[in-house]
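Just below is one structure, and these are the notes that go with it.
The values are calculated or read from the model by the stated rules, or taken from the named source; none is laboratory data. These numbers were taken from a predicted model, which means no experiment stands behind them. Positions of Cβ are generated from backbone atoms using ideal geometry, with glycine treated the same way; all protein chains shown enter the neighbour counts. Each accessible area value is taken on the protein alone, full model and side chains, heavy atoms only, with ligands, DNA and RNA left out. Shrake-Rupley method; radii C 1.70, N 1.55, O 1.52, S 1.80 Å.
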Amino acid sequence: MKTRILFTIVLLFHSLAYASDSLKVDSLKPRLIAASPSKNVRNVNGVLFKYYDEEDHFKPKKVNGLGMGFNFLGIFLPPLMLFNLQLPDSNDYVVVPREKMNMINGLQLSLINMEPTVTNGLEINVSSNINTYAVTNGVAVSPFFNLHHEMKGVSVAPLANIGKKCRGIQIGLYNKCDDFRGVQIGGWNENGKRKLPLINWNFKKQKVNKK
């Protein structure tokens with residue numbers, strides 16, 4: 001009897017160890033549904049649920065489908081950000097390599113995004129991208145404001161669209177981009193070439209003042 005119990009315990013521990021090793025080996029295999037933060041999530045072909053953003057030990061993920069973020073700071077930040085609505089100073093403007101950023105091919109739907117992310121498709125954030133390097137290729141929509149370091153496509157927000165390098169269209173009450181090519185439509189528009197109300201544009205390559 002004791003021998004059987006001991007044998008069963010050994011088999012159980014062996015099975016758990018094997019399962020643990022399998023998880024490590026399969027950590028790069030795509031998941032259909034996954035949660036983050038997680039040590040074993042790298043690729044998702046489906047839906048990724050982020051229940052908070054990784055700021056200290058960030059590990060980039062690739063999502064082909066839907067990335068959903070539920071960081072509830074996104075509900076409270078918009079009123080505070082209105083008093084200091086800007087990207088980091090140009091002296092702190094450091095380009096993050098793509099391999100060190102989240103890659104979302106599809107839809108990013110979040111209350112707030114605080115992880116370096118490339119979105120290829122549609123981005124909808126309540127408080128946009130706060131204190132992080134953000135790149136969007138497609139359409140960005142926010143009920144308050146959009147903040148991007150790089151934007152190719154259309155950026156729409158009732159209050160403001162702020163960017164460093166933009167190619168496409170900005171639509172909002174206030175639009176600003178340092179390195180801009182395209183059309184800005186809003187109450188007040190600023191780019192590296194001129195400042196104008198209602199509509200502004202630039203289709204030529206420009207030199208950005210980095211002072």
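Here are a few things to note about the model shown:
- Any strands (runs of 3 or more DSSP E) falling wholly within segment 117-211 and containing at least 2 residues that are in contact with a Cys (Cβ under 8 Å, 6 or more places away or on another chain) and under 28 Å from Y52 (Cα atoms): 145-156, 160-171
- Of the numbered criteria (1) open to solvent by 40 Å² or more (accessible area, probe 1.4 Å); (2) at pLDDT below 85; (3) in a loop (DSSP other than H, G, I, E, B), the one N71 fails is (1).
- Taking the criterion of being within 18 Å of N64 (Cα to Cα) and buried (at least 23 other Cβ atoms within 10 Å of the Cβ), the residues of segment 109-124 that qualify are S110, N113, E115, T117, T119, E123.
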